[in-house]
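A quick write-up on the structure given underneath.
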């Protein structure tokens, strides 16, 4: 790995997001993936390399061909970043709601 | 239990939107954002300064059992319309997270219910994602030791 890669860096690019959507249903070779884009083949290869380094894509050898497939476990990680943050705000807001209900009763 | 709070964070964008419906009339919801005592309890921090008015500013500080400051944040109020809107900045001091702009919109739903929209804009998409990755689940309080450790590492 030449550069520090992280999942967010990987999905920040629209082409890479499109590749992930494309292979979400079935594994595909680099050639099949590249055929779906107007981008030059080496550019698509570079995107595949980044996605593989971030473990968002897995590779599987089938005969002479390499198939790329989505690594669902890693994709989940992205959603999971939001969940604890959401839980924190939900807890805060629940507390706020409880405090203000009490406040209302006290100040009646 | 299902969470009542929703967060929209589009990939690659430097903002997020937090929404929540409250079983509170809008004036009571708003009160929770202008009463420093309530703010202190909700945020789990001491409120050193809290001027709820345009061009006002605020300061939060949390200390551990030994009196060491483990969390300090501040911001300025850019807009303050009672029961409707607050526009402010928020910055955690001595961290690499930069300044965020927060737009709070308060909407009445019924006489007894209301909705809060929090639009938070970060300096960059990368910064937003870094903040989202902080280990919030381990402590509601920003002052949690684990977070402090991570912040120290990032310094």
Do we have residue A:61 as more than 10 Å from every other protein chain (Cβ to nearest Cβ), modelled with pLDDT of 90 or more, more than 21 Å from residue B:125 (Cα to Cα) and outside any helix (DSSP H, G or I) here? yes
Looking at region B:78-98, which of its residues are closer than 28 Å to residue B:114 by Cα and assigned to a strand (DSSP E or B)? B:78, B:79, B:80, B:81, B:85, B:86, B:87, B:88, B:89, B:90, B:91
Given the conditions (1) surrounded by fewer than 16 Cβ atoms within 10 Å (Cβ to Cβ); (2) under 23 Å from residue B:127 (Cα atoms), every one holds for residue A:7 apart from (1)
For the list (1) closer than 19 Å to residue B:5 by Cα; (2) in contact (Cβ under 8 Å) with a residue 40 or more places away in the chain, I need the number of the one condition that residue B:102 fails. (2)
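Which of the following residues is under 30 Å from residue B:25 (Cα atoms) and modelled with pLDDT under 95: B:91, B:102?
Details: B:102 fails: modelled with pLDDT under 95.
Selected residue: B:91, the only one of B:91, B:102 that is under 30 Å from residue B:25 (Cα atoms) and modelled with pLDDT under 95.
So, in region B:60-77, of the ones that are farther than 18 Å from residue B:96 by Cα and in a strand (DSSP E or B), which residue ends up modelled with the lowest pLDDT? Steps first, please.
Quick first cut of region B:60-77, residues farther than 18 Å from residue B:96 by Cα only: B:62-68, B:76-77.
Cutting the leftovers down to in a strand (DSSP E or B) gives us B:62-63, B:76-77.
Values: B:62: 85, B:63: 81, B:76: 98, B:77: 97.
If we take residues in region B:60-77 being farther than 18 Å from residue B:96 by Cα and in a strand (DSSP E or B), then B:63 is modelled with the lowest pLDDT.
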If you go through region B:106-127 one residue at a time, do you hit one that is at pLDDT below 80 and more than 14 Å from chain A (Cβ to nearest Cβ)? no
All but one of (1) more than 9 Å from chain A (Cβ to nearest Cβ); (2) touching a helix residue (DSSP H, G or I) at 6+ places or on another chain (Cβ under 9 Å); (3) surrounded by 15 or more Cβ atoms within 10 Å (Cβ to Cβ) hold for residue B:64, so report the exception by its number. (3)
Restricting the search to region B:2-33, which residues are out of contact with any strand residue (DSSP E or B) (no Cβ under 8 Å at 6 or more places or on another chain), more than 24 Å from residue B:131 (Cα to Cα) and more than 9 Å from chain A (Cβ to nearest Cβ)? B:27
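Can you find a residue that is assigned to a helix (DSSP H, G or I), in contact (Cβ under 8 Å) with a residue 40 or more places away in the chain and crowded, with 16+ Cβ neighbours inside 10 Å anywhere in region A:90-105? Before the answer, list the steps.
We begin by selecting, within region A:90-105, every residue assigned to a helix (DSSP H, G or I); these are A:90-105.
Subsequent filtering for residues that are in contact (Cβ under 8 Å) with a residue 40 or more places away in the chain retains none.
No, because not a single residue in region A:90-105 is assigned to a helix (DSSP H, G or I), in contact (Cβ under 8 Å) with a residue 40 or more places away in the chain and crowded, with 16+ Cβ neighbours inside 10 Å.
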Any hit, region A:71-82, residues being closer than 30 Å to residue B:33 by Cα, in contact with a helix residue (DSSP H, G or I) (Cβ under 9 Å, 6 or more places away or on another chain) and within 14 Å of another protein chain (Cβ to nearest Cβ): yes
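Name the single residue that is surrounded by the most Cβ atoms within 10 Å (Cβ to Cβ) among those in region B:42-61 being within 13 Å of chain A (Cβ to nearest Cβ) and closer than 22 Å to residue B:84 by Cα.
B:42
Identify, from the list A:66, A:19, the residue that is within 14 Å of chain B (Cβ to nearest Cβ) and either part of a loop (DSSP other than H, G, I, E, B) or touching a residue at least 24 places away in the same chain (Cβ under 8 Å) (or both).
Details: A:66 fails: within 14 Å of chain B (Cβ to nearest Cβ).
A:19 is the lone residue from the list that is within 14 Å of chain B (Cβ to nearest Cβ) and either part of a loop (DSSP other than H, G, I, E, B) or touching a residue at least 24 places away in the same chain (Cβ under 8 Å) (or both).
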Please state which of the following conditions residue B:87 fails to meet, knowing it meets all the rest: (1) without any contact (Cβ under 8 Å) to a residue 40 or more places away in the chain; (2) within 13 Å of another protein chain (Cβ to nearest Cβ). (2)
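The values are calculated or read from the model by the stated rules, or taken from the named source; none is laboratory data. Quantities reported herein were computed from a predicted structural model and do not represent experimental measurements. Counting neighbours? That spans all protein chains shown, and the Cβs are built from the backbone with ideal geometry, glycine included.
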